[in-house]
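**Q** Just passing along the structure, written as structure tokens.
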Amino acid sequence: QVQLVESGGGLVQAGGSLRLSCTISGSIFAINAMGWYRQAPGKERELVARISSGGVINYVDSVMGRFIISRDNAKNTVALEMNSLKPEDTAVYYCKADVYYSGGWCCRGYWGQGTQVTVSS
């Protein structure tokens with residue numbers, strides 16, 4: 001059983017900052033990519049940032065230069081530093097981890113429960 005637990009969401013004024021953190025626990029052989037997604041009301045879930053096991057990072061254009069994703073492989077954590085927040089960043093943010101199966105095959109995706117981020121104007 002693999003569990004992802006997010007923390008760090010909340011209410012912030014436009015221009016402010018928040019840091020999200022996600023801890024992965026359970027029966028983990030190895031973790032491939034880790035990432036953050038978000039879903040705003042009435043919209044589809046979208047990828048915000050992703051970091052591979054080798055440290056390759058991708059961001060959606062709308063957060064480029066404002067958000068920073070990082071991971072700690074020793075602690076099985078992934079974080080998202082969000083700066084210069086805008087009202088349009090308001091959404092539920094989800095952590096996702098692609099976990100290798102015990103035989104070494106890639107991978108099964110696991111999701112956290114989500115954390116609300118609200119940016120007021």
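The values are calculated or read from the model by the stated rules, or taken from the named source; none is laboratory data. In this text, all values refer to a predicted model and were calculated from it rather than measured experimentally. Cβ placement follows ideal geometry from the backbone for every residue including glycine, while neighbour counts extend to all protein chains displayed. Remember, those area values only see protein heavy atoms, side chains included, never the ligands or the DNA or RNA. Shrake-Rupley method; radii C 1.70, N 1.55, O 1.52, S 1.80 Å.
**Q** I need a count of the residues in the stretch 112-121 that are assigned to a strand (DSSP E or B) and exposed (fewer than 14 other Cβ atoms within 10 Å of the Cβ).
**A** Count: 2.
**Q** Go through the residues of the stretch 86-104 one by one and say whether even a single one is at pLDDT 95 or above, assigned to a loop (DSSP other than H, G, I, E, B) and open to solvent by less than 30 Å² (accessible area, probe 1.4 Å).
**A** no
**Q** Separate question: Which condition does Asn83 not pass, out of (1) without any contact (Cβ under 8 Å) to a residue 60 or more places away in the chain; (2) in contact with a Lys or Arg (Cβ under 7 Å, 6 or more places away or on another chain), if it passes all the others?
**A** The one condition Asn83 does not meet is (1).
**Q** Go through the stretch 39-61 and give me each residue that's surrounded by 10 or more Cβ atoms within 10 Å (Cβ to Cβ), over 21 Å from Asn83 (Cα atoms) and either modelled with pLDDT of 95 or more or in contact with a Cys (Cβ under 8 Å, 6 or more places away or on another chain) (or both).
**A** Residue satisfying the conditions is Ser52 alone.
**Q** Here's something else I'd like to know. Which of the following residues is more than 15 Å from Thr115 (Cα to Cα) and not hydrophobic (A, V, I, L, M, F, W, C): Gly42, Gly10, Gly35?
**A** After applying the criteria, what remains is Gly42.
**Q** When the stretch 1-17 is examined, which residues are found to be within 14 Å of Cys95 (Cβ to Cβ) and either touching a Gly at 6+ places or on another chain (Cβ under 8 Å) or loosely packed, with under 15 Cβ neighbours inside 10 Å (or both)?
**A** Val2, Gln3, Leu4, Val5, Glu6, Ser7
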